[in-house]
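Asker: I have a structure I would like to understand better, so I am pasting it below and will then ask my questions one at a time.
The values are calculated or read from the model by the stated rules, or taken from the named source; none is laboratory data. Here the structure is a predicted model, which means the values were calculated and not measured. With ideal geometry, Cβ positions are generated from the backbone for all residues, glycine too; neighbour counts draw on all protein chains shown.
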């Protein structure tokens, strides 16, 4: 064994009881903690050892270990990019065919007969909107009713009915694709509510988002038309032809990776220490698949994707990230195909990609610089956690594989900023695409003001009506976030209640927790700084209202914009028309997203996470 220059010998740990006396006398200045009680003893204090007993005197250097971690992260990113690139063209083209095909599947024709819908008929934008709202309100009532009647349902696991306020909040949460959870799922929801209520909404709420996005794309693609499609046809096709088959494949992959799938209840087992522990079961893989594929995010367990039964290994973690990004990153291809210019889809895709990579780099840098592993699953590490969190908060999924409340102040701020960008990089299924197209309308308008031309996008003139609708869309979510957060602290009675019953991290971080909650609710994300106790009358009502308005007010403006655009004739491009497929336009889009978000949210961020990070 090599001798240290100052007469010390490294790593001479031994478990031999016969040498206990010689190894028990630690040298002055050496650490008495840890398991290596004989490290850095003088050589004459260490027992004689044979060659086979020697322990390596040198460990891998920190630089080498860091290099391995970085290369693994780069390999993970490269694999993710490769999978998404391979899926982009076939899935995007398939999505375009689904919503332009004139043929109906046999199962679809059966459903149309049951509900009395003529698939050949089309709807104006007000009729389309009425379909969206009616379907969603009925969904809220059904999910609410199932929760209130839970104790009478099969597979309730002996759980009581869900209280009124929590049932109201949860019903709105899942119908709006938010999946905000103010409860512990395994201790609150039985399997019937999970499957017949929440899982069904995971499918159809995602399908509603896709349908609205397709309606807006038709608005750009059609000429002098009074209709934008049929909501019931779009809803059914998105569910039957897209979400169901992909979810089946994803569930099988997750089961192969170790995610559980059964209808068993809790199993009481005796641990090695003699204590009794309850091990949960449940149909997890099937719900995990659509939770991620539909950018829903609600976990089967309270720990969400940090739970080993939902996300057991590092490679299932990568699979879950792929599922969150698969449809949102493929929809730009469908958009380009449907409007007849795939270059437009590439421009939207590039904008989403630039924002995604920038956010990932910033969050990862902040978390690595803090060095904190609190709240992070060691199987994923800091890099696997930040990649998952960036994906989840940028896609409106809201799932977590680490506890965001334990992130550094600036790392947690990046999760907030991801939502404050408007969920457009790439955003939720459907919602991300129509959000980015509204941003494109604003960007073209700004460019038109700079050159003194009437703005036009994809051959459609953007007049006062279109700009007003786009502006109302942009203003809706920030208004809900800022008003909700402000009321929670401005009204003395509400503030006292929030500080007493909800905030257990007072000061700047407590403010950040409330701000995060309203940001997540209004943007239909669903993630949380979980240190905030949100199952209170005020937060159940306020966050439920923010989720409802944050979902359906933007949809109203998007469908009105789609109807206005569909009624216009195409304008031929001229020499003065702004090219919207070039890198310059991508830069304009990125700048518009960042500028609008910064002007809107910087003051409130300065009161919370920025101040906390700088103190």
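Asker: Just give me the residues in segment 134-149 being closer than 15 Å to residue 208 by Cβ and surrounded by 14 or more Cβ atoms within 10 Å (Cβ to Cβ), in sequence order.
Answerer: Result: 135, 136, 139, 140, 142, 143.
Asker: Let me ask another. Filtering segment 245-256 down to residues that are over 20 Å from the mean Cα position of the chain (by Cα) and within 15 Å of residue 91 (Cβ to Cβ), which residue is surrounded by the fewest Cβ atoms within 10 Å (Cβ to Cβ)?
Answerer: 245
Asker: Provide a single number: the residues in segment 378-432 that are in a helix (DSSP H, G or I) and touching a helix residue (DSSP H, G or I) at 6+ places or on another chain (Cβ under 8 Å).
Answerer: Adding up the residues that qualify gives 30.
Asker: Now a separate question. Does residue 397 satisfy being buried (at least 24 other Cβ atoms within 10 Å of the Cβ), out of contact with any strand residue (DSSP E or B) (no Cβ under 9 Å at 6 or more places or on another chain), at pLDDT 95 or above and assigned by TED's automatic domain parsing to the domain that holds residue 215?
Answerer: On the way: buried (at least 24 other Cβ atoms within 10 Å of the Cβ): yes; out of contact with any strand residue (DSSP E or B) (no Cβ under 9 Å at 6 or more places or on another chain): yes; at pLDDT 95 or above: yes; assigned by TED's automatic domain parsing to the domain that holds residue 215: no.
Considered against the rule, which asks whether it is buried (at least 24 other Cβ atoms within 10 Å of the Cβ), out of contact with any strand residue (DSSP E or B) (no Cβ under 9 Å at 6 or more places or on another chain), at pLDDT 95 or above and assigned by TED's automatic domain parsing to the domain that holds residue 215, residue 397 comes out as no.
Asker: Taking helices (runs of 4 or more DSSP H) that do not extend beyond segment 448-529, which have at least 1 residues that are under 25 Å from the mean Cα position of the chain (by Cα)?
Answerer: Those helices (runs of 4 or more DSSP H) span 464-490, 508-522.
Asker: Considering segment 150-193 alone, what residues qualify as being in contact with a helix residue (DSSP H, G or I) (Cβ under 7 Å, 6 or more places away or on another chain), assigned to a helix (DSSP H, G or I) and either crowded, with 18+ Cβ neighbours inside 10 Å or at positive phi (or both)?
Answerer: Selection gives 150, 166, 167, 168, 169, 170, 171, 172, 173, 174, 175, 193.
Asker: In segment 270-277, is there at least one residue being touching a residue at least 24 places away in the same chain (Cβ under 8 Å), surrounded by fewer than 22 Cβ atoms within 10 Å (Cβ to Cβ) and at negative phi?
Answerer: no
Asker: Within segment 495-510, can one find any residue that is modelled with pLDDT of 95 or more, crowded, with 23+ Cβ neighbours inside 10 Å and over 23 Å from residue 435 (Cα atoms)?
Answerer: yes
Asker: Which of the residues that make up segment 278-306 are buried (at least 21 other Cβ atoms within 10 Å of the Cβ) and touching a strand residue (DSSP E or B) at 6+ places or on another chain (Cβ under 8 Å)?
Answerer: 306 - this is the single residue of segment 278-306 that is buried (at least 21 other Cβ atoms within 10 Å of the Cβ) and touching a strand residue (DSSP E or B) at 6+ places or on another chain (Cβ under 8 Å).
Asker: Then there's this: Condition check: in contact with a helix residue (DSSP H, G or I) (Cβ under 7 Å, 6 or more places away or on another chain), touching a residue at least 60 places away in the same chain (Cβ under 8 Å) and closer than 26 Å to residue 436 by Cβ. Does residue 549 satisfy that?
Answerer: So residue 549 fits the description; yes.
Asker: I need the full set of residues from segment 600-611 which are under 13 Å from residue 511 (Cα atoms) and either buried (at least 19 other Cβ atoms within 10 Å of the Cβ) or within 22 Å of the chain's Cα centre (by Cα) (or both), in order please.
Answerer: Hits for segment 600-611 are 604, 605, 608, 609.
Asker: More than 27 Å from residue 433 (Cα to Cα) and either surrounded by fewer than 21 Cβ atoms within 10 Å (Cβ to Cβ) or touching a residue at least 60 places away in the same chain (Cβ under 8 Å) (or both), is that true of residue 259?
Answerer: Criteria not met by residue 259.
Asker: Does residue 99 satisfy being touching a helix residue (DSSP H, G or I) at 6+ places or on another chain (Cβ under 6 Å) and either surrounded by 12 or more Cβ atoms within 10 Å (Cβ to Cβ) or outside the structural domain of residue 324 (by TED's automatic domain parsing) (or both)?
Answerer: Spelling it out, residue 99 is indeed touching a helix residue (DSSP H, G or I) at 6+ places or on another chain (Cβ under 6 Å) and either surrounded by 12 or more Cβ atoms within 10 Å (Cβ to Cβ) or outside the structural domain of residue 324 (by TED's automatic domain parsing) (or both).
Asker: Still on this structure, please answer the following. Among the numbered conditions (1) surrounded by fewer than 22 Cβ atoms within 10 Å (Cβ to Cβ); (2) at pLDDT below 95, tell me where residue 465 comes up short.
Answerer: Answer for residue 465: the failing condition is (2).
Asker: As an exercise: evaluate residue 123 against (1) within 24 Å of residue 227 (Cβ to Cβ); (2) surrounded by fewer than 17 Cβ atoms within 10 Å (Cβ to Cβ); (3) more than 29 Å from the chain's Cα centre (by Cα); (4) touching a residue at least 40 places away in the same chain (Cβ under 8 Å) and give the number of the one condition it does not meet.
Answerer: Residue 123 satisfies all of (1) within 24 Å of residue 227 (Cβ to Cβ); (2) surrounded by fewer than 17 Cβ atoms within 10 Å (Cβ to Cβ); (3) more than 29 Å from the chain's Cα centre (by Cα); (4) touching a residue at least 40 places away in the same chain (Cβ under 8 Å) except (2).
Asker: From the list 366, 335, 309, exactly one residue is surrounded by 17 or more Cβ atoms within 10 Å (Cβ to Cβ), assigned to a loop (DSSP other than H, G, I, E, B), more than 18 Å from the chain's Cα centre (by Cα) and modelled with pLDDT of 95 or more. Which is it?
Answerer: 309
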